[in-house]
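A short worksheet on the structure shown next.
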Amino acid sequence: MDIQTLEKKLVGINKKLEAVLHQSGYLDTDDLLLIKYDTDSPNDIFLYETYMGIFPHLREAYSVLSYLQKPVICEGIVEYSRNGYVLDGIKLADEDMFEVLERDEYTGKRKWVLASICEYFGTDYDGMKARVRGDKRIDGRHDI
């Protein structure tokens with residue numbers, strides 16, 4: 001299977017993921033509020049708790065696949081200022097997904113790597129080549 005065929009199959013899976021996440025209530029609430037189950041049934045409780053452990057992973061897959069379906073709206077060098085990280089006039093906010101160009105430590109080849117601004121990890125993106133995908137540019141922000 002080539003990468004384009006895989007991409008088409010993942011787009012189909014992502015649409016199904018979106019429907020399941022929405023119908024369960026998890027897409028908006030991080031909880032399975034819309035799932036009805038017998039709270040006295042050991043099996044139903046087991047299934048509910050097991051699914052609750054799986055849903056964060058499903059949501060992450062949905063978020064990444066949704067991001068990858070969008071076109072690249074800008075590419076450039078990330079700059080750090082007192083306002084935070086900026087790429088081509090777009091302020092990169094916490095949790096925004098973007099891609100940075102890195103050199104693979106084993107092959108030496110350059111590759112795009114998915115990234116996000118997160119104070120916890122403390123990665124310094126200043127001076128790195130990056131790109132952002134989104135639907136459109138909006139006054140120094142992007143709609144991802």
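Of everything in the range 58-72 that's among the charged types (D, E, K, R) and within 26 Å of Leu32 (Cβ to Cβ), which residue is most open to solvent (accessible area, probe 1.4 Å)? Talk me through it step by step, then tell me what you get.
Here is the first cut: in the range 58-72, the residues among the charged types (D, E, K, R) are 59-60, 70.
Narrowing the set further to residues that are within 26 Å of Leu32 (Cβ to Cβ) leaves 59-60.
Details: Arg59: 69, Glu60: 108 Å².
My answer is Glu60.
Filtering the range 112-140 down to residues that are modelled with pLDDT of 85 or more and in contact with a Lys or Arg (Cβ under 8 Å, 6 or more places away or on another chain), which residue is surrounded by the fewest Cβ atoms within 10 Å (Cβ to Cβ)?
Trp112
Would the range 28-41 turn up any residue that is in a helix (DSSP H, G or I), of a type outside the set (A, V, I, L, M) and modelled with pLDDT of 95 or more?
Just the residues of the range 28-41 that are in a helix (DSSP H, G or I), to begin with: 28-29.
Checking which are of a type outside the set (A, V, I, L, M) leaves us with 28-29.
Keeping just the survivors that are modelled with pLDDT of 95 or more gives none.
No, every residue in the range 28-41 fails to be in a helix (DSSP H, G or I), of a type outside the set (A, V, I, L, M) and modelled with pLDDT of 95 or more.
The values are calculated or read from the model by the stated rules, or taken from the named source; none is laboratory data. Note that the coordinates shown come from a computational prediction; the quantities given were computed from them, not determined experimentally. Please note: Cβ atoms are built from the backbone with ideal geometry, for glycine as well, and neighbour counts cover all protein chains shown. When the accessible area is computed, the model is the full protein with side chains, heavy atoms only, and any ligands, DNA or RNA have been set aside. Shrake-Rupley method; radii C 1.70, N 1.55, O 1.52, S 1.80 Å.
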